[in-house]
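Take a look at the structure set out below.
The values are calculated or read from the model by the stated rules, or taken from the named source; none is laboratory data. If you're wondering where the values come from, they're calculated on a predicted model, not measured in any experiment. Cβ atoms come from the backbone with ideal geometry, glycine included; neighbour counts cover every protein chain shown.
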Amino acid sequence: MKRLSRTAFSPYLALGVFAAALLPAAGPAHADDDARTVYVQTNLVSNVPGQAQTTDPNLQNAWGVAFFPGGPFWVNDNNAGLSTLYLGDGTIVDFPGTKTPFAVVIPGPNGSPAGFQAAPTGIVWNPTTGFAVTDPATGVKLPSNFIFDTEDGTISAWAFALTDKTHAILTVDNSAVPNAADGAVYKGLAFGTNTKGNFIFATNFRAGTVEAYDQNFHLTKLDGAFTDPHIPAGFAPFGIRNIDGDLFVTYAKQDGPKHDDVAGAGNGFVDVFDTDGHLLRRFATRGSLNSPWGVTRSSYGFGQFSGDVLVGNFGDGRINVFDSQGHFLDQLEGVKGKAITIDGLWTLNFGGGALSSPDALYFTAGPNHETDGLFGTITPGAASDDRDADQQKHDRD
């Protein structure tokens, strides 16, 4: 098991204050228009021995990812109730001065029994001095560094200055809102700013809503309501991502209890809203979408699809490519023109954390029906322009 040595770790690394010189230079701006880029998947960390370069038993159903620029990647472990830290090369980050992996326990709802394990999903880095938490040991309010939401209907936050650095602090509990049977189920989280201030935005999959919370963790009614009258009944906000100041919201089909998605070809939509909750446009409709969750804009050194929008399907593990206007272009492909397929695909996030390249696409996944975990990269490899027609036409059904 590969880990960062205790002597190399410092509190500043946990907050992400890491030398920018560690980041490799960006690659070429664009690939040849007539060439197709062969993308390469590298598995960095898994809970299953032999499946990746590093083994970490805590990495179970790896979901949301966030980092302070230049800092470690924080990865939510949905099946372990934790958020764990890694460098961009897959090295496990330890607590300062120890050989114990840096793992933060995400709290359950108020009144949870001993041993209750929360199910974290979304995570954001907080770049502001708001969203404070109270240190239980001192009573002092501390600006949070990372904020989490869960399928249990809670939002919690963590600050490096907390006395107990192993536990996040519960800030919102909607597990029984409107009632215990129909409590919130949060699947995604984003940070954004509008004229009223700084907000976090949580996708409540059960209620079919996007909720906005101000810097005091108060539910806030904005000018818009994050609604799209043309989304069919039975589809609900699933993932959410701030891209260039707008909120991209993915929609998936709800199951009977409205807790999980129903995968299937065409089961998905993507909308774009402003941070006041107004619908700006429909970005993508059905087609190649299949329970989409992760969404990001690619770097300008990502080969053939530099600068395009990538939407990952949790349903079939494929990564769809759209231009900025929402026109479908293709799916990311590896060798022999085969679509890259990652079982249980969740986050898509380009590098910017410690020991990462800004042109590396980082992903998380929950393979084997969300019981296992995977953290890795997809990078542009050699360009290929000699595929025959049969190779170019792969089956996506």
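With respect to GLN215, is the statement that it is over 25 Å from PRO178 (Cα atoms), in contact (Cβ under 8 Å) with a residue 60 or more places away in the chain and not charged (D, E, K, R) true?
no
Report yes if THR91 is at pLDDT 95 or above, surrounded by fewer than 16 Cβ atoms within 10 Å (Cβ to Cβ) and either under 17 Å from ALA190 (Cα atoms) or of a type outside the set (D, E, K, R) (or both), otherwise no.
Numbers: at pLDDT 95 or above: yes; surrounded by fewer than 16 Cβ atoms within 10 Å (Cβ to Cβ): no; either under 17 Å from ALA190 (Cα atoms) or of a type outside the set (D, E, K, R) (or both): yes.
No; evaluated as a whole, the condition is false for this residue.
Of the residues GLY326, GLY307, GLY352, which single one is over 15 Å from VAL40 (Cα atoms) and in contact with a Ser or Thr (Cβ under 7 Å, 6 or more places away or on another chain)?
It is GLY307.
Only one of (1) at pLDDT 95 or above; (2) of a type in the set (S, T, N, Q); (3) assigned to a loop (DSSP other than H, G, I, E, B); (4) out of contact with any helix residue (DSSP H, G or I) (no Cβ under 7 Å at 6 or more places or on another chain) is not met by THR7, so which one is it?
Result: THR7 passes all but (1).
Of everything in region 43-56, what is part of a strand (DSSP E or B) and free of Cβ contacts under 8 Å to residues at least 60 places away in the same chain? Give them in sequence order.
Of everything in region 43-56, those that are part of a strand (DSSP E or B) and free of Cβ contacts under 8 Å to residues at least 60 places away in the same chain turn out to be THR54, THR55.
In this structure, is ILE147 crowded, with 24+ Cβ neighbours inside 10 Å, among the β-branched types (Val, Ile, Thr) and farther than 23 Å from THR193 by Cα? So that I can check it myself, show each step before the final result.
Numbers: crowded, with 24+ Cβ neighbours inside 10 Å: yes; among the β-branched types (Val, Ile, Thr): yes; farther than 23 Å from THR193 by Cα: no.
No.
Would you pick out the residues in region 229-265 that are of a type in the set (S, T, N, Q) and closer than 18 Å to ASP182 by Cβ? Break it down stepwise before answering.
Residues of region 229-265 that are of a type in the set (S, T, N, Q), as a first pass: 242, 250, 254.
The one that is of a type in the set (S, T, N, Q) and closer than 18 Å to ASP182 by Cβ: GLN254.
Quick one: LYS99 ticks every box in (1) of a type in the set (D, E, K, R); (2) at pLDDT 95 or above; (3) surrounded by fewer than 24 Cβ atoms within 10 Å (Cβ to Cβ) bar one, so which box is it?
Failing condition for LYS99: (2).
Among the residues of region 147-161, are any part of a loop (DSSP other than H, G, I, E, B), β-branched (Val, Ile, Thr) and in contact (Cβ under 8 Å) with a residue 12 or more places away in the chain?
Within region 147-161 (the criterion being part of a loop (DSSP other than H, G, I, E, B), β-branched (Val, Ile, Thr) and in contact (Cβ under 8 Å) with a residue 12 or more places away in the chain), the answer is no, since none of the residues qualifies.
Name the pairs whose Cβ atoms lie under 6 Å apart, with the first residue in region 289-304 and in contact (Cβ under 8 Å) with a residue 60 or more places away in the chain, the second aliphatic (A, V, I, L, M) and not in a strand (DSSP E or B), and 6 or more positions between them or separate chains?
TYR300/ALA29; GLY301/ALA26; GLY303/ALA31; GLN304/ALA31
Select from region 171-182 the residues that are touching a residue at least 40 places away in the same chain (Cβ under 8 Å) and assigned to a loop (DSSP other than H, G, I, E, B) and write down the one among them that is surrounded by the fewest Cβ atoms within 10 Å (Cβ to Cβ).
Of everything passing the filter in region 171-182, ALA176 is surrounded by the fewest Cβ atoms within 10 Å (Cβ to Cβ).
How many residues does region 57-88 hold that are over 18 Å from the mean Cα position of the chain (by Cα) and in contact (Cβ under 8 Å) with a residue 60 or more places away in the chain?
Residues in region 57-88 being over 18 Å from the mean Cα position of the chain (by Cα) and in contact (Cβ under 8 Å) with a residue 60 or more places away in the chain: 0 in total.
Does ASP244 satisfy the condition of being charged (D, E, K, R), closer than 14 Å to GLU211 by Cα and surrounded by fewer than 24 Cβ atoms within 10 Å (Cβ to Cβ)?
Judged against the criteria, ASP244 is not a match.
Could you look through region 216-237, keep only residues that are in contact with a strand residue (DSSP E or B) (Cβ under 7 Å, 6 or more places away or on another chain) and under 12 Å from PHE201 (Cα atoms), and pick out the one that is surrounded by the most Cβ atoms within 10 Å (Cβ to Cβ)?
PRO237
Under the condition of being among the aromatic types (Phe, Trp, Tyr) and in contact with a Gly (Cβ under 7 Å, 6 or more places away or on another chain), which residue from region 64-89 is farthest from ALA360 (Cα to Cα)?
By that ranking, first place goes to PHE68.
Could you please find all residues in region 264-282 being over 19 Å from the mean Cα position of the chain (by Cα) and either assigned to a loop (DSSP other than H, G, I, E, B) or buried (at least 17 other Cβ atoms within 10 Å of the Cβ) (or both)?
GLY264, ALA265, GLY266, ASN267, ASP274, ASP276, GLY277, HIS278, LEU279
Which one is surrounded by the most Cβ atoms within 10 Å (Cβ to Cβ), of the residues in region 288-344 that are in a loop (DSSP other than H, G, I, E, B) and β-branched (Val, Ile, Thr)?
ILE342
Please give the strands (runs of 3 or more DSSP E) falling wholly within region 184-245 in which 3 or more residues are in contact with a Phe, Trp or Tyr (Cβ under 6 Å, 6 or more places away or on another chain) and aromatic (Phe, Trp, Tyr).
Those strands (runs of 3 or more DSSP E) do not exist here; none qualify.
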